[in-house]
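What follows is a set of notes on a single structure, which appears directly below.
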Amino acid sequence: MILQIDKLRKSFGSNEILKGVSFSIGEGEVLGVIGSSGSGKSTILRCINYLEKPNSGRVRFADRDFDIETAEKQDIRYMRSHTAMVFQQFNLFKYKTALENVMEGLLVVRKQSKKEAECISREILARVGLENRMAYYPRELSGGQQQRVAIARALALDPKLIMLDEPTSALDPEMIGEVLDVIRNVAKSGKTMLIVSHEMNFINDIADHVLFLDGGLIAEEGAPSALFGNPQQERTRLFLRRANIISDYSI
Ligand SMILES: Nc1ncnc2c1ncn2[C@@H]1O[C@H](COP(=O)(O)OP(=O)(O)OP(=O)(O)O)[C@@H](O)[C@H]1O
Ligand SMILES: [Mg+2]
């Protein structure tokens, strides 16, 4: 098990969004998270790397094991330095080229030499099919290419866990396929991933395990074939039906 989250709780003011969410991810596994808008999917990812401060729960991540309420600075630093996030809106540095975007983390976070950082970054950009776009600025790249730079940037740091938050939601339909292909290849290479997506067919295809988040809790979970093919809960069926995954369901 690379990551285990126990009874994660998170409130914004009096609004409790996560009411005790527990799950785990094995090394090299892909965990998919689905749920309606506002159900707290992004909040889970943001709590894992402390972009949001969780209220309570327990975290086991690689060789760390700590209680959220008594987490120390080193625990938070550990979570941040061994996870990487890919956002819906790419979040690239506007005034840096594709190559410089990927190099940045290696130079600043990993304190590598420029030569080393450039060598690794070139190799990873080639892996995501951007060998001919290294000197381009984000505004000179398509949405799909920008997202591939963002994925390359995450990969460059060789994190123990990559978290992707709706990585294709901001893309034009014709760009979605190329980004999904890259993510599929990353999964095949054995990277551990946590993916939030509305692309149910993709989740069905790539995930080893799927969580359906509803009402602040995991309402149902299982292998994609079971969750998508034979959902047990009425609310799962309703959600999937709305997402056009299953055409009819019996109550
Ligand atoms: N910083 C914040 N302050 C107050 N409320 C917040 C904050 N961030 C999120 N929320 C609330 O928490 C709830 C869950 O938000 P979250 O972004 O995790 O949902 P989501 O499942 O990712 O939705 P979507 O599919 O639309 O991205 C929402 O009701 C949202 O308004
Ligand atoms: Mg979200």
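The values are calculated or read from the model by the stated rules, or taken from the named source; none is laboratory data. For clarity, every value in this text was computed on a predicted model and none was experimentally measured. Using ideal geometry, Cβ is built from the backbone for each residue, glycine included, and neighbour counts are taken over all protein chains shown. Only protein heavy atoms, including side chains, enter the accessible area calculation; ligands, DNA and RNA are left aside. Shrake-Rupley method; radii C 1.70, N 1.55, O 1.52, S 1.80 Å.
Which residues, counting only those in the stretch 35-63, are outside any loop (DSSP other than H, G, I, E, B), touching a residue at least 60 places away in the same chain (Cβ under 8 Å) and away from ligand 2 (no atom under 11 Å from the Cβ)?
Result: Ile48, Phe61.
Taking the conditions exactly as written (free of Cβ contacts under 8 Å to residues at least 60 places away in the same chain and under 12 Å from Leu211 (Cα atoms)), does Ser24 satisfy them or not?
yes
Taking the stretch 43-84, which residues are in contact with a Pro (Cβ under 8 Å, 6 or more places away or on another chain) and under 16 Å from Asp165 (Cβ atoms)?
Matches in the stretch 43-84: Cys47, Thr83, Ala84.
Test Val109 against the criterion of being under 22 Å from the mean Cα position of the chain (by Cα) and open to solvent by 40 Å² or more (accessible area, probe 1.4 Å), and give yes or no.
Considered against the rule, which asks whether it is under 22 Å from the mean Cα position of the chain (by Cα) and open to solvent by 40 Å² or more (accessible area, probe 1.4 Å), Val109 comes out as yes.
Taking the stretch 221-241, which residues are assigned to a helix (DSSP H, G or I) and touching a residue at least 40 places away in the same chain (Cβ under 8 Å)?
Selection gives Pro224, Phe239, Leu240.
Check whether at least one residue in the stretch 177-186 is modelled with pLDDT of 95 or more and under 19 Å from Phe23 (Cα atoms), and report yes or no.
no
What are the residue pairs meeting all of these: first residue in the stretch 64-91, first residue at negative phi, second residue aliphatic (A, V, I, L, M) and assigned to a loop (DSSP other than H, G, I, E, B), Cβ atoms under 6 Å, and 6 or more apart or on different chains?
What qualifies is Ala84/Leu157; Gln88/Ala170; Gln89/Ala170.
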